[in-house]
Amino acid sequence: MISNFLGEKSSLRTWQIKIFSATWLAYVGYYFARKAFYVVKSPLADSLGFTALDLAHLGTAYLVFYMIGQYTSAFFGRKLGPKLLLLVGMGISLLCNFGFGMSNSFWTIFLFLALNGLAQGTGWPGCIGSLAFWFKRKKRGTILGFWATCYQVGSILATSFAAYMLGELGWRWSFFGASIVLLIIWTIVLYLHPNRPEDVGLSPIEDEDDCESCKPTSKNNDDDSDKLGWSKEVWTTVITMGLVYFTIKFLRYALWSWVPFFLNKNFDMEVSNAGYLSTVFDVAGFAGVLFAGYASDKIFKGKRSLLSAIMLFLMALAFILMYVKGATDLMFFTVSMGLAGFMLYGPDSLISGVGAIDVGTKRGALVAAGIINGTGSIGPIFQEEIIGWLYTKYDGSIVPILILLFSMAIVSALLTFYLWWKSKRGKANL
């Protein structure tokens, strides 16, 4: 009996490594099929005669359907299971990127961006829904801190790869190359990813919620029915987390989407070099995610909201630095961009990843991740249009844009402090 127990523990650890690796690679792959458009904005506009507002409209098409994809994944993911959800999403996304590379008109690119948005929306809910069944709460912060480096590493690699392909073969190969990379990762996920421990003959991982008022109201908490059994407090917390994530993704996508463009147009950098330098934001964010994951477990004892609020206030200070000096000084712009990345990515991973599992519980983690990310994904839609409009209205000045970014950072911090206040009263499990 003891030997069976030890054997199962060893087998569980092996499968945990596999599921960690499969989902990490999957989300890295999604980024290859997501970031190319942002890197090639400037040469794409020059090649096809697009204005800044045209680029904003194209970005909006992607982001609207990305939001829809997040919400629909919350529903279809429970029907299909995380693995099939990921395989379908990655498959459609890589085909769309081949389509981008062959496109010559605004409306063709618009169509493929919309379809790619739907497909990309499957990524985060699918991955978080997978991980929820494999790791206990007491280790989730650290483990998902390391796991969440997928979207910094993915962004860095994807941006650098797209910039390299742009410099060597032109903007179309930034898209073709992304599809090839994602196809390789799709094959790996196909063979490496089970849905739950029970699917490979292991016992389900039992866990407990710390917040009594946040537990499911269903009498049978472990059944496989479609009813989540969330209490009113859980629904309120998930919706509030979605609003926080609205502001976080507004800021993250604003920097992703426009920094290479600004570096080229406002600081006269060559387009491929602008793409490379923009990765400072993600490199610093990599460290921020690791720090936040470890600190939330070891220092804040699984209560993620206070740490998130502190880091978001410090992010607001980074935008003040960027406003005071960075609008005209490349070095200060770069330093403040890195500081903003460190302070943003930590709360980003805590709210949308481990926080979604903590609050939604493992049965509802995929749904919670879909709702939080879906609501958050409305933020990038607004930033795309607003920043494109501000840049055009103020004749290429980025000062009004920096004021907007600072304001959004303050809102995100205040909303997260509200979640901390709820948690102190036992009304939220964050």
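Laboratory data are not the source of any read-out in this text; all were calculated from the coordinates shown. Just so it is clear, the model here is predicted, and its values are computed rather than measured. With ideal geometry, Cβ positions are generated from the backbone for all residues, glycine too; neighbour counts draw on all protein chains shown.
Counting other Cβ atoms within 10 Å as a rough exposure proxy, the listed residues Ile128, Ile188, Ile109, Ile248 run Ile188, Ile109, Ile248, Ile128 from fewest neighbours to most.
Of Lys79/Lys298; Lys18/Lys232; Lys79/Lys303; Lys265/Lys325, which ones are farther than 29 Å apart at the Cα?
Too far apart for the 29 Å limit: Lys79/Lys298; Lys18/Lys232; Lys79/Lys303.
By its C-alpha gyration tensor, with a ≥ b ≥ c as the square roots of the eigenvalues, how is region 13-132 shaped: rounded for a/c under 1.5, else prolate for a/b larger than b/c, else oblate? Cα axes put region 13-132 in the prolate bin.
Full extension of the chain segment joining Leu190 with Lys424 gains 80.0 nm, where the gain is 0.36 nm per residue of separation less the Cα-Cα distance. Taking other Cβ atoms within 10 Å as a rough exposure proxy, Thr51, Thr72, Thr416 sort from fewest to most as Thr51, Thr72, Thr416. Per-residue 3J(HN,Hα) values for region 382-396, derived from phi via the Karplus relation 6.51 cos²θ - 1.76 cosθ + 1.60 with θ = phi - 60°, read 5, 4, 4, 6, 5, 5, x, 5, 4, 5, 6, 5, 9, 6, x Hz in sequence order (x marks Gly and Pro). Distance from the C-alpha centroid of region 246-286 to that of region 88-114: 23 Å, rounded to the whole angstrom.
Just rank Met331, Met343, fewest to most, by other beta-carbon atoms within 10 angstrom. Let's see the in-between values first.
Working: Met331 9, Met343 28.
Sorted ascending by nearby Cβ count, the order is Met331, Met343.
Using all pairs of distinct alpha-carbon atoms, the Kirkwood hydrodynamic radius of region 45-194 works out to 16.6 angstrom.
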